[in-house]
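Asks: First the structure, which I've put down as structure tokens, then a few questions once you've had a look.
The values are calculated or read from the model by the stated rules, or taken from the named source; none is laboratory data. As the structure is a prediction and not an experimental result, all values here were calculated from the model. Reconstructed Cβ throughout: ideal geometry from the backbone, glycine too, with neighbour counts over all protein chains shown. Ligands, DNA and RNA are excluded from the accessible area calculation, which covers all protein heavy atoms including side chains. Shrake-Rupley method; radii C 1.70, N 1.55, O 1.52, S 1.80 Å.
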Amino acid sequence: MDSKTRQAYKNAKKRLFLLDYDGTLAELKLTPPEAKPTSEILSLLQALAADQYNTVVIISGRKHQEMEDWLGMLPISLVAEQGLLIKHPEQDWQRTRSIDISWKAEIRSLMNEYTRQAPGSFVEEKTAALVWHWRNAAEHQKADKLGASLRAELESLCPERELKLVPGKDVLEVQPQGYNKGDAAKYWIAQDNWEWILSAGDDITDEDMFAALPDWACTIKIGEGKSVAAIQLKSPGELRAALAVLP
């Protein structure tokens, strides 16, 4: 993060942080529960939130229960399941829209077929989404090919069922159409007249968030690959180091 960005931070009195969690604040792990926040991450978020001029929001695809368990004790706001659920500090979770989950049985059955072919893979169930994970598959090369096959099937099934396929790093997520991290970002942008905004993410779901921000916002992509973000950092560790010098 350059000196100009840091100086703008110091000069601003209404600052907004929109941060993805997995692959951004925390390193990716073989299974979702393994990415529980370290003391470093918790201390960093606590320090950012302790500044009266800062509003810190974690925008994640994770289940809201996990986010609550891991981060709910901090004075920060949370967005779960790509924007479906939001939580302000010391308030209950709120859904941003009504959802239909009648499609789950069909998609779950299909994902279970692939799980049986790839030992170590598994299906994760969220409030309004199903996710096939194969990062921990015993034969990863075989699982990659199965992932490509499942993706082709889902790309055929999803549109007519008004579902959206969200591919990630060794994951395929299916959720209803009509919301994404960009919508969540717009919600938070509308909460105040922000003087400084920083957003960070690592995968395709975060591109919607970057695109929703004003041109002057500081946008950071973690890892390789094309992005609309203005800055690219190699790892979550680099982002944590950059954020740590702000408070």
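Asks: Which condition breaks for residue 247 when tested against (1) surrounded by fewer than 18 Cβ atoms within 10 Å (Cβ to Cβ); (2) out of contact with any helix residue (DSSP H, G or I) (no Cβ under 6 Å at 6 or more places or on another chain)?
Replies: (2)
Asks: Here is a follow-up. Being of a type in the set (Lys, Arg) and in contact with a helix residue (DSSP H, G or I) (Cβ under 6 Å, 6 or more places away or on another chain) is true for just one of 169, 181, 186. Which residue is that?
Replies: Details: 169 fails: in contact with a helix residue (DSSP H, G or I) (Cβ under 6 Å, 6 or more places away or on another chain); 186 fails: in contact with a helix residue (DSSP H, G or I) (Cβ under 6 Å, 6 or more places away or on another chain).
Exactly one residue qualifies, and that residue is 181.
Asks: Every residue in the stretch 98-123 that is under 13 Å from residue 173 (Cβ atoms) and open to solvent by less than 20 Å² (accessible area, probe 1.4 Å), please.
Replies: If the condition is that a residue be under 13 Å from residue 173 (Cβ atoms) and open to solvent by less than 20 Å² (accessible area, probe 1.4 Å), then 104, 107, 111 are the ones that fit.
Table: residues versus (1) within 28 Å of residue 31 (Cα to Cα); (2) in contact with a strand residue (DSSP E or B) (Cβ under 6 Å, 6 or more places away or on another chain); (3) surrounded by 14 or more Cβ atoms within 10 Å (Cβ to Cβ).
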site: 168; (1), (2), (3): yes, no, yes
site: 189; (1), (2), (3): no, no, yes
site: 196; (1), (2), (3): no, yes, yes
site: 210; (1), (2), (3): yes, yes, yes
site: 222; (1), (2), (3): yes, yes, yes
site: 229; (1), (2), (3): yes, yes, yes
site: 233; (1), (2), (3): yes, yes, yes
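Asks: Could you grab the pairs with beta carbons closer than 7 Å, sequence gap of 6+ or different chains, first residue in the stretch 173-190 and within 12 Å of residue 81 (Cα to Cα), second one in a loop (DSSP other than H, G, I, E, B) and open to solvent by 20 Å² or more (accessible area, probe 1.4 Å)?
Replies: 176/99; 176/100; 176/162; 179/96; 179/97
Asks: Going through the stretch 112-156 one residue at a time, which ones are closer than 20 Å to residue 66 by Cβ and in a helix (DSSP H, G or I)?
Replies: Hits for the stretch 112-156: nothing passes.
Asks: Show the residue pairs that are 6+ apart or on different chains and have beta-carbon atoms under 7 Å apart, the first residue being within the stretch 231-246 and under 18 Å from residue 210 (Cα atoms), the second being of a type in the set (Ser, Thr, Tyr).
Replies: Cβ pairs passing all conditions: 231/219; 236/24; 239/24.
Asks: Can you name every residue in the stretch 21-36 that is farther than 19 Å from residue 234 by Cα and buried (at least 17 other Cβ atoms within 10 Å of the Cβ)?
Replies: 32
Asks: Would you confirm whether or not the stretch 12-20 contains a residue that is open to solvent by 40 Å² or more (accessible area, probe 1.4 Å) and without any contact (Cβ under 8 Å) to a residue 24 or more places away in the chain? Working first, answer last.
Replies: We begin by selecting, within the stretch 12-20, every residue open to solvent by 40 Å² or more (accessible area, probe 1.4 Å); these are 13-14.
With the extra rule that they be without any contact (Cβ under 8 Å) to a residue 24 or more places away in the chain, the set shrinks to none.
No, that holds for no residue.
Asks: While we're on this one: Return the residues of the stretch 59-96 that are touching a residue at least 60 places away in the same chain (Cβ under 8 Å), within 18 Å of residue 130 (Cα to Cα) and surrounded by fewer than 21 Cβ atoms within 10 Å (Cβ to Cβ); say none if nothing qualifies.
Replies: 63, the sole residue that qualifies.
Asks: Of the residues 74, 18, which single one is touching a helix residue (DSSP H, G or I) at 6+ places or on another chain (Cβ under 6 Å), modelled with pLDDT of 95 or more and in a loop (DSSP other than H, G, I, E, B)? Steps first, answer last, please.
Replies: Numbers: 18 fails: in a loop (DSSP other than H, G, I, E, B).
Selected residue: 74, the only one of 74, 18 that is touching a helix residue (DSSP H, G or I) at 6+ places or on another chain (Cβ under 6 Å), modelled with pLDDT of 95 or more and in a loop (DSSP other than H, G, I, E, B).
Yes or no, residue by residue, for (1) within 18 Å of the chain's Cα centre (by Cα); (2) at positive phi; (3) not charged (D, E, K, R):
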{"position": "200", "(1), (2), (3)": "yes, no, yes"}
{"position": "215", "(1), (2), (3)": "no, no, no"}
{"position": "220", "(1), (2), (3)": "yes, no, yes"}
{"position": "224", "(1), (2), (3)": "yes, no, no"}
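Asks: Could I ask something else about it? Only residues that are surrounded by 18 or more Cβ atoms within 10 Å (Cβ to Cβ) and part of a helix (DSSP H, G or I): list them for the stretch 1-11, please. Give the derivation first.
Replies: So in the stretch 1-11, the residues surrounded by 18 or more Cβ atoms within 10 Å (Cβ to Cβ) come out as 1, 9.
Within the stretch 1-11, just 9 meets the criteria.
Asks: Next up: Filter the stretch 23-54 down to residues that are part of a strand (DSSP E or B) and out of contact with any Lys or Arg (no Cβ under 7 Å at 6 or more places or on another chain), then give me how many there are.
Replies: Of the residues in that region, 1 qualify.
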